[in-house]
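There's a structure below that I have some questions on.
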Amino acid sequence: YGSTRAGDLPQRRDMLIEDRALSRYVDGIGARLDRQRPRGAPPLRTFVVKDARVNAFTTGGGYVFATAGLLGAMENEAQFAFVMAHEIAHIDRGHVTQGRRQRETASGLAAIGAIAAAAAGLPPELARMGAGLGAQAAIADFSREQEAEADTVGMRYLAGAGWNGLEGAESFAVLRRLYGEAPGGLSAWFASHPAAADRQARLARLAREQGATSGRVAAREYLSATEGLRRELLALYRGEGRQAEARQMRRN
């Protein structure tokens, strides 16, 4: 995980987690959220990337990617599901195509096509399509307004699917524990986004307004499904001296 840089991802044959049980678990979370989306939304495809950083991203077209680091860092299913719901909301609200980096996003779509082709077992020449394109180019440069809208819509999806919205908001407490509030060196998922504390407070308010103060948390199920991955991550973080991330793995 540690040697995987975002720019390397499209060039790696082993860039996706191959744990079938874990993939099915993540797909199941995606399926519950998918049922909350508007009619005509593009079919959802979820993937787990071999990257120890805490991150999630989408390129539109129904593709949502979570890193191994994100799965390891979140403390329960509701927290992870909110991050996924937020990315799905970016797709459904058209933010990817509205982004200020449309050209880079288009390149990113080709890169994600390569990942999806490899995952589906398509011929190698198709899987290599887009090789050399950086995965960071797939991440749209969303505005603060778009981030706020994705939080709002994501919370609605989360609540509609029966998860605890207050716990979903706690995903930002995890990120703050790992990276603080300063943008430098943060998880790519919220490095350029509005302040984590403000977003957490706003999401908690939205959860209360939507009556999503109870519901599914699924900490035991989540930690059981991700246990093997967390052990691998803990060993890597210890070896690289990444103390904050190692502490979060032990906490989980």
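The values are calculated or read from the model by the stated rules, or taken from the named source; none is laboratory data. The shown structure was predicted, so the numbers you read here are calculated from the model rather than taken from an experiment. Using ideal geometry, Cβ is built from the backbone for each residue, glycine included, and neighbour counts are taken over all protein chains shown. Quick note on the areas: whole protein, heavy atoms, side chains included, nothing else; ligands and nucleic acids left out. Shrake-Rupley method; radii C 1.70, N 1.55, O 1.52, S 1.80 Å.
Given the peptides 44-52, 151-159, 227-235, arrange them by the average over their residues of other C-beta atoms within 10 Å, most packed first.
Averaged packing, sorted descending, gives the order 151-159, 44-52, 227-235.
Let me ask something else. Carbon and sulfur atoms: what percent of the 1.4 Å accessible area of segment 25-83 do they account for?
Answer for segment 25-83: carbon and sulfur cover 48 percent of the accessible area.
Please list the non-local residues whose amide H lies under 5 Å from the amide H of Arg45, H modeled 1.01 Å from N, same-chain partners needing a gap of 5 or more.
Tyr63, Val64
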